[in-house]
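Notes follow once the structure below has been shown.
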Amino acid sequence: MFFKSTQTAIVLLSLTIIGCDDQSPRQLDQTPYTYKTPDNLSDGITVAPAVEQGITNSHLVELVNAIRQGTIVGVDSILLAMDGELILEEYFAGWQRDDRHDLRSATKSITALLLSIGFEQGILSPQDSVYNHFYPYYGYGANWAPIKENILLQHFMDMSSGLDCDDYNEESPGNESKMARHRDWVRFILDLEVRYKANERFAYCTGGVQVTARMLEDASGSSLRDFAARYLFLPLGIDDYQWSTTGSGRTEASGHIFLRPRDMLKLGLLLDGEGMWHDRRVITSAFVDKLHNPRFNFYGDFWWHQTFTSDEALFPDTHAIFSAGNGGQHIFVFSELHVVLVLTASNYNQASVAYGIIKNYLLPAVYGL
């Protein structure tokens, strides 16, 4: 499936793939907002007043009031950092700083960072043949075809394996809803028929993420959760999280990690810092650079891409990489501006409000309009 525009992409990716969420009416807050500098918690995040980054308080007040009063619906938290400093942190509808939010499919982007660490350690490669790796576990499996030997780990990271798996098509044999009925998700995906040549077409396949994570677990000898704790979360000081497991007891690499918004921000700051967290290298700069050169212009390595444009040419075209989960869970990294935006929301099964926030509030504020 190809998107006609990146704006279409951000709308579609936030729609439901599986499941339904009961959304209770939200209580609006009509109290006028007064800007305040975020709290310094000595958690590795530097804070600063917005004016020190050239952002007038009125821009942020307008944005927060729009969320409070329901002009922008369903937002649970918003955090904004510029040049590595947190300048806005607000929570809504009863959500608080220490509440962990289900990231849904934004989890996939975290799995990508873990895979990059495995690549740097030399325990696996994006060029590894997926079926050669799993032959000792499953043999040839169902629907075997020699062309499957050409499917690489990288193809799964780009959603271009060519297997008959498309979460945007309910009739697809590999659709996430069908996979969820099976205990072994990896075997389910590997047994699918080949529909296209690998690296030829984009088709969003949640199960493919689980395949890549299993390869990392096999290579490292540890669960994905334990690998993350040691090599990603510990260096960043992330110690309060929850991560769901599949029916077979493996970490669910494709969704349902629960993180606090400030910890989501740390991941964005890590990428904005070219893989450095303060003075420690966590992700290679080569992988961060690769994230900015995706296989498809809107997706690559489990991260989405968007170029934001102004209809009135008020600001220049501005590119971001971002994670995205159903309901509106996002980490946006605008590397050229050194801006990181974190959003959590409860707009399940609906289009994300992120595009409007960025286009109508964030970028005009950053460009001083």
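No value in this document is a laboratory result; all are computed from the given coordinates. Model, not experiment: these values are computed from the prediction. Cβ atoms come from the backbone with ideal geometry, glycine included; neighbour counts cover every protein chain shown.
Observations
- Dimensions of the stretch 109-220 based on its C-alpha atoms, expressed as ranges along the principal axes with the largest first, amount to 39, 29, 28 Å.
- Amide hydrogen neighbours beyond the local backbone of residue 319, cut-off 5 Å, H modeled: 308
- Taking the fewest neighbouring Cβ atoms within 10 Å as the starting point, the ordered list for 303, 144 is 144, 303.
- Relative contact order %, the chain, counting alpha carbon pairs below 8 Å whose residues are six or more apart: 25 percent
- Value of relative contact order over the stretch 109-220, rounded to a whole percent, pairs C-alpha under 8 Å and six or more apart: 31 percent
- Working value for the chain: equivalent-ellipsoid semi-axes of 35, 21, 19 Å, each the square root of 5 times a Cα gyration tensor eigenvalue, largest first.
- Computed over the alpha-carbon atoms, the stretch 78-133 gives an Rg to Rh ratio of 1.18, Rh here being the Kirkwood radius from the mean inverse distance.
- Per-residue ellipticity at 222 nm computed for the chain from its helices equals -8000 deg cm²/dmol, with DSSP H segments shorter than 4 residues left out and the rest contributing -39,500 (n - 2.57).
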